[in-house]
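A short write-up of the structure that comes next.
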Amino acid sequence: MTEGVPQPEREPATQPAAEGGRGRSSEATRAAILRAARARFAADGYDRATIRAIAAQARIDPSMVMRYYGSKEGLFATAAEFDLRLPDLSGVPTDRLGETLVSYFFTRWEGDATLPALLRTASTNPSGAERVRAIFANQLGTAVARMVADPDEAPRRAGLVASQLLGVALTRYVLRLPPMVDISPAELIAWLAPTIQRYLRDPAPG
């Protein structure tokens, strides 16, 4: 997705800022663009976020956004990098895996707007959907494989776990359905943990 993104040649040590007259390094410029992009994608979704709005928030000329990232899709692909930072669950008692995993996810989501932004984009944009698939296949799938009794069942069990976690995230953070917004994280964990535990450790049906 980032193929063809032009790399600056003979990049000067600093770039002129759009406001204030102060110079800004190439690294700082990239970081400012990414911060602005994440904010705009989170607030507006992929389709409504514009390069011009991202550039304005970063206080930089729109041409510089294109110079560093090539296109809106290229910028999104970089801005949407998301590390679930899943904890090491190897020391967690087997009968508490569901509760521990769900508790971690809601702690992560409550303090980070990036994944909800990805979910907004994934619902309307193929690149966003692919990013979410990759995150959950590569990160959650690997973690689930370490928790299940039969590694051959890991992909299916990981998919079931993702369906619950993403469904709650979508209704709570994106659609903002009142019952899901109003319920406390502790209550959500209490409702979801037994289901996630079953997906991870119960025998497969049949």
query: How would you rank 88-95, 193-200, highest first, on the average number of other Cβ atoms within 10 Å across their residues?
result: 193-200, 88-95
message: Tell me the mean residue ellipticity at 222 nm calculated for the chain from its helices only (DSSP H runs of n ≥ 4, each -39500 (n - 2.57), averaged over every residue, nearest 500).
response: -18500 deg cm²/dmol
statement: residue 142 and residue 160 label points (each 7 Å along its Cα→Cβ direction) are spaced in nm at 2.4 nm
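Taking 0.36 nm per residue of sequence separation and subtracting the Cα-Cα distance, how much length would be gained by fully extending the chain between residue 92 and residue 134, in nm to one decimal?
Full extension from residue 92 to residue 134 adds 12.5 nm.
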- line: The computed P(r) of the range 55-139 puts the percent of Cα pairs beyond 19 Å at 53 percent
query: When the accessible area of the chain is computed with all protein chains present and a 1.4 Å probe, what percentage of it is carbon and sulfur?
result: 53 percent
message: Test of understanding: in a Gaussian network model of the chain with alpha carbons linked when under 10 Å, which of 146, 38, 120 would top the mean-square fluctuation ranking?
response: 146
query: If you roll a 1.4 Å probe over the heavy atoms of the protein chains, what accessible area per residue do you get for the chain, in Å²?
result: 54 Å²
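What is the Rg over Rh value, at two decimals, for the range 84-206, using alpha-carbon atoms and the Kirkwood definition of Rh?
0.95
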task: Quickly work out the residue 31-to-residue 110 label distance, labels modelled 7 Å from Cα along the C-beta direction, and quote it in nm with one decimal.
output: 2.9 nm
Gyration tensor verdict on the range 54-95 (Cα atoms; rounded if a/c is under 1.5, prolate if a/b is larger than b/c, oblate otherwise): prolate
field: Mean Cα-pair separation over length for the range 58-199, i.e. relative contact order, pairs under 8 Å, 6 or more apart, %
entry: 30 percent
query: Based on the Cα coordinates of the chain, what is the per residue volume of their convex hull in Å³?
result: 155 Å³
Difference of contour (0.36 nm per residue) and Cα-Cα distance, residue 57 to residue 43: 3.8 nm
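The values are calculated or read from the model by the stated rules, or taken from the named source; none is laboratory data. What you are looking at is a predicted structure, and each value in this text was computed from that prediction instead of being measured. Glycine gets a Cβ as well: all are built from the backbone with ideal geometry, and neighbour counts include every protein chain shown. Ligands, DNA and RNA are excluded from the accessible area calculation, which covers all protein heavy atoms including side chains. Shrake-Rupley method; radii C 1.70, N 1.55, O 1.52, S 1.80 Å.
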